[in-house]
Amino acid sequence: MGHETASSPLWTSAHPPAADNLKVPTVPHQDSKQSYRSHTARLRWLAVVLVLLYICLFRCFLSNPSGPGALALPDLYEASVLELQAGLDAGEFTSVHLVKAYFARIEEVNINGPALRAVIELNPSALKQAAVLDIERKLTGKRSKLHGIPILLKDNIATLASDGMNTTAGSFSLLGSIVPEDAGVVRRLRKSGAIILGKANLSEFSHARGNLSSGWSGRGGQSSSAYFPHADPCGSSSGSGIAASIGLAAVTLGTETDGSITCPSSHNNIAGIKPTLGLTSRAGVIPITAHQDTVGPMTRSLTDGAIVLSIIAGKDLNDNYTLAQPPVVPDFMKALDRNALKGKRIGVPRRVFMNDTITGNHPSINLAFEDALLTIKALGATIVDPADLPSAEELINSTSETTVAMVDLKVQLNEYFQALQENPSGVRSLTDLIKFNEDNPALEKPTGFEDQSALEEAEATNGFDAAYFAALENNRDLGRRGIDFVLQKFNLDALVAPARGRITGPAAIVGYPIVTVPLGFYPENVTSESAGPETVYPAPGLPFGLSFLGTAFSDFDLIGFGFAYEQETRTRLARKAFPAAIPKTQLKDVIGK
């Protein structure tokens, strides 16, 4: 769409007349008063014309960002939602331009170039949606801070078939399936005016298929972090993390059962918010377990994350867990306080993560973490160290989380399959899914990616039997002697730990929130190690993150703590992706073309 000026052109020719070519009449010596007044009026008219011409040319100049000396356009590698909104409001570019630019950036690095495989498919309706939202912005203004902003969804979050996209959890067994309705979070995004740009790759079935590399799916292939060639992106929201890290979309959504927002945020140098269970709806999300699954933003900053969470949070009659949340959804933007840590008490649960034999933490992570504690203290917090969870070792050795998850996976995945309006593969149950994979090895069991042991373990479960309820109660007991216990014992406001390792477990089993921000990068002399058939981890320059944990619905406070640390350190800006993984397309390359 073109840019319009507020004033109509004063001349119909291609170029307005130059001021020095205008013939200004002189006043004869014997003019009458009337003639003099006439000449004066003409001079005044000419002055008005020149002023209007100046205004017109000035406004045309401002509205043409591709012209010389134009206003600076945001760099899409780092562009924030607020920067994009400012440019959209000023008419520097449109949402159509944004969609075109992001499509081009994805084309550069997704399958081509470094083949990051972060995105499974693009939304063929995105440009039409953007054009409509551009018109709406001009006529009635924007609906929210996400109006006209492109967002990528993890491919387990349902979208209506009318958009032209699939919802498959990365599996060919769901290709062409028709969902009954948008996921609950998608309905909120659409209402806010966000544009669904496409679907992000993931660990197939959110890493609930078997012992497979993080970030691999049958449809999407093996995704990799943009910070080192073929680096493990962590899962299961791997594509969302990669895409956010290098600006393949303005913002992304991921889901977490245990670590699937936290870990890819850590591996990809971004901010991730794993909300309290029930703060965001899981309706229309391909499930693992209703006792742990949650949907949250993965963004380049906690400011963007707060904007997204404020929109997707809230009650949904299609997910009864959301009905237990507080009556009013906070404006999480108000949590963005650089002084949020001042006067707070932050605990360090060392027994969960500082033992290398349990978590695999590299010494460089632990060194960066010690520096982070000093920064948190300098920001006004009291560090309580150690503040250990009594149930830490029990939790590490417990099988209760898996027992509950496997039963829930079978029951809820069967319900999801049955609710589909259509599924061309014929898969209508977990049993069908396992057989589909066996019957289609070229699609679903290529060399190195054959395992589906988790699906087979889930299929062998007996439903909601005594073992299931005993495991569920054991999770609750471990939870009671976990985060809440230590928060109360030491009068803490939150816990802090490196995002790497088993720190997600204590929060996962009780559905508590985690906020993750960049902490540091592996040194250049670190030795790369195999993390799967096609990936390595660790590797030189790969990012790692810092997590703040709290009790139920402490999301607001945790965002504030993470924001204070993020703004003080600005760790994300210390390193970019490796050169071939940085898309070159910017807004200037699509405006006017």
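Of the residues making up region 454-481, those that are surrounded by 17 or more Cβ atoms within 10 Å (Cβ to Cβ) and either at positive phi or polar (S, T, N, Q) (or both) number 3. Among the residues of region 244-266, some residue qualifies, meaning at least one is crowded, with 24+ Cβ neighbours inside 10 Å, modelled with pLDDT of 95 or more, in a helix (DSSP H, G or I) and out of contact with any strand residue (DSSP E or B) (no Cβ under 8 Å at 6 or more places or on another chain).
One residue stands out in region 452-487 among those that are small (Gly, Ala, Ser) and not in a helix (DSSP H, G or I): the one that is nearest to residue 171 (Cα to Cα), namely 460. Residues 84, 116, 88, 76: which one is within 22 Å of residue 155 (Cα to Cα) and surrounded by 15 or more Cβ atoms within 10 Å (Cβ to Cβ)? Within the list 84, 116, 88, 76, the selection yields 116. Being touching an Asp or Glu at 6+ places or on another chain (Cβ under 9 Å), closer than 23 Å to residue 326 by Cβ and of a type in the set (D, E, K, R), is that true of even one residue in region 548-555? No, because not a single residue in region 548-555 is touching an Asp or Glu at 6+ places or on another chain (Cβ under 9 Å), closer than 23 Å to residue 326 by Cβ and of a type in the set (D, E, K, R). Restricting region 362-389 to residues that are out of contact with any helix residue (DSSP H, G or I) (no Cβ under 6 Å at 6 or more places or on another chain) and under 30 Å from residue 474 (Cα atoms) leaves a set whose member that is surrounded by the most Cβ atoms within 10 Å (Cβ to Cβ) is 384.
If the condition is being outside any loop (DSSP other than H, G, I, E, B) and farther than 30 Å from residue 322 by Cα, then region 184-236 contributes 216, 221, 222, 225, 231. If you filter region 481-509 down to residues that are β-branched (Val, Ile, Thr) and in contact with an Asp or Glu (Cβ under 8 Å, 6 or more places away or on another chain), you find that the one that is nearest to residue 558 (Cα to Cα) is 504.
Would you confirm whether any residue within region 192-204 is hydrophobic (A, V, I, L, M, F, W, C), surrounded by 24 or more Cβ atoms within 10 Å (Cβ to Cβ) and in contact with a Phe, Trp or Tyr (Cβ under 8 Å, 6 or more places away or on another chain)? Yes: one or more hits. Step by step: first the residues of region 326-364, then only those that are aliphatic (A, V, I, L, M), assigned to a helix (DSSP H, G or I) and closer than 25 Å to residue 275 by Cβ, then the one that is modelled with the lowest pLDDT. Which residue is that? The qualifying residue modelled with the lowest pLDDT is 352.
Counting the residues of region 121-177 that are part of a loop (DSSP other than H, G, I, E, B), surrounded by fewer than 19 Cβ atoms within 10 Å (Cβ to Cβ) and either among the aromatic types (Phe, Trp, Tyr) or more than 22 Å from the chain's Cα centre (by Cα) (or both) gives 3. Report yes if residue 473 is without any contact (Cβ under 8 Å) to a residue 12 or more places away in the chain, more than 27 Å from residue 325 (Cβ to Cβ) and among the charged types (D, E, K, R), otherwise no. No, not satisfied. If you go through region 482-509 and keep only what is surrounded by 15 or more Cβ atoms within 10 Å (Cβ to Cβ) and either free of Cβ contacts under 8 Å to residues at least 60 places away in the same chain or more than 26 Å from residue 376 (Cα to Cα) (or both), you end up with just 509. Take residue 304 and tell me if it is in contact (Cβ under 8 Å) with a residue 60 or more places away in the chain, in contact with a Lys or Arg (Cβ under 7 Å, 6 or more places away or on another chain) and either more than 16 Å from residue 189 (Cβ to Cβ) or not hydrophobic (A, V, I, L, M, F, W, C) (or both). In short, no. Residues in region 267-279 that are within 10 Å of the chain's Cα centre (by Cα) and in a loop (DSSP other than H, G, I, E, B): 270 alone.
Scanning region 550-593 for residues that are closer than 30 Å to residue 508 by Cβ, of a type in the set (Ser, Thr, Tyr) and not in a helix (DSSP H, G or I) returns 551, 554. Tell me which residues, restricted to region 424-440, are more than 15 Å from residue 170 (Cα to Cα) and in a helix (DSSP H, G or I). Selection gives 430, 431, 432, 435, 438, 439. Annotation note: Cβ proximity below 6 Å between a residue of region 401-424 that is touching a residue at least 24 places away in the same chain (Cβ under 8 Å) and under 25 Å from residue 160 (Cβ atoms) and a residue that is crowded, with 22+ Cβ neighbours inside 10 Å and of a type in the set (Lys, Arg) (sequence gap 6+ or interchain) occurs for no pair.
Out of 520, 501, one residue alone is of a type outside the set (Asp, Glu) and either closer than 30 Å to residue 408 by Cα or assigned to a loop (DSSP other than H, G, I, E, B) (or both). It is 501. Considering (1) within 22 Å of residue 296 (Cα to Cα); (2) in contact with a helix residue (DSSP H, G or I) (Cβ under 6 Å, 6 or more places away or on another chain), the lone condition that residue 173 does not fulfil carries the number (1).
The values are calculated or read from the model by the stated rules, or taken from the named source; none is laboratory data. Everything quoted here is computed from the prediction, not taken from an experiment. Virtual Cβ from ideal backbone geometry, glycine too; neighbours counted across all protein chains shown.
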